[in-house]
Amino acid sequence: MTPQDLARLHADAFSATRAWSAPEIAELLSQPGVFAIADTNSFCLIRTVLDEAEVLTIATAAAMRRQGLARTLLQRAETQAKERGAATIFLEVAEDNVAAITLYTSSGYSQIGRRSGYYLPKDAAPIAALVLRKSLITT
């Protein structure tokens with residue numbers, strides 16, 4: 001998928017907030033350690049630095065939610081991050097995004113922090129982000 005495709009999908013998935021533009025996505029993808037896992041209806045953007053990975057965004061087309069696409073992408077992204085040397089992975093999620101929090105916690109992520117006012121919805125008060133982390137090392 002092109003940055004334009006990813007931007008359209010991001011806009012559909014995040015209609016209540018400012019979506020990322022194609023140039024912003026292209027810039028991210030040009031950075032060392034950043035990669036995308038994508039299919040026609042969803043994508044996950046990951047950054048790896050040394051032994052840590054970060055889920056930058058995960059987006060699923062609104063009409064395709066609740067079908068396991070995000071879970072599949074997240075698993076694939078974690079596998080690639082681990083192959084690139086990451087031992088842990090973290091992300092931020094809006095504290096009112098119950099579906100995403102359920103996905104992440106059921107995938108083994110635990111809350112390690114909270115960032116007040118992190119997300120800025122178009123027509124609402126700022127929303128805090130929960131910081132979640134998962135170990136990619138199996139013991």
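Here are a few things to note about the model shown:
- Region 1-98: antiparallel DSSP beta bridges as a percent of all, rounded to 5: 80
- Cleavage-rule hits, GluC sites (Glu not before Pro), region 17-81, DSSP coil, Cβ neighbours within 10 Å at most 10: none
- Based on the Stokes-Einstein relation at 20 °C and a viscosity of 1.002 mPa s, and on the Kirkwood radius from alpha carbon pairs, the chain is assigned a translational diffusion coefficient of 140 µm²/s.
- In this simple spin-label model, placing a label point 7 Å from the Cα along the Cα-to-Cβ direction at both Ser107 and Ala124 gives a separation of 2.1 nm.
- For the pair Ser30 and Arg65, label points projected 7 Å from Cα toward Cβ lie 3.3 nm apart.
- Cβ-based charge dipole, region 63-139, positive-most Cα from Ser110, Thr138, Ile89: Thr138
- In the full protein context, region 1-111 carries 51 Å² of accessible surface per residue, based on a 1.4 Å probe and ignoring ligands, DNA and RNA.
- Applied to region 25-33, the Karplus parametrisation 6.51 cos²θ - 1.76 cosθ + 1.60 on θ = phi - 60° returns per-residue 3J(HN,Hα) values of 5, 4, 4, 4, 5, 7, 7, x, x Hz, with x for Gly and Pro.
The values are calculated or read from the model by the stated rules, or taken from the named source; none is laboratory data. For clarity, every value in this text was computed on a predicted model and none was experimentally measured. Methodologically, a virtual Cβ is constructed for each residue, glycine included, from the backbone with ideal geometry; neighbour enumeration extends over all protein chains shown. Side chains included, ligands, DNA and RNA excluded: accessible areas come from the protein's heavy atoms. Shrake-Rupley method; radii C 1.70, N 1.55, O 1.52, S 1.80 Å.
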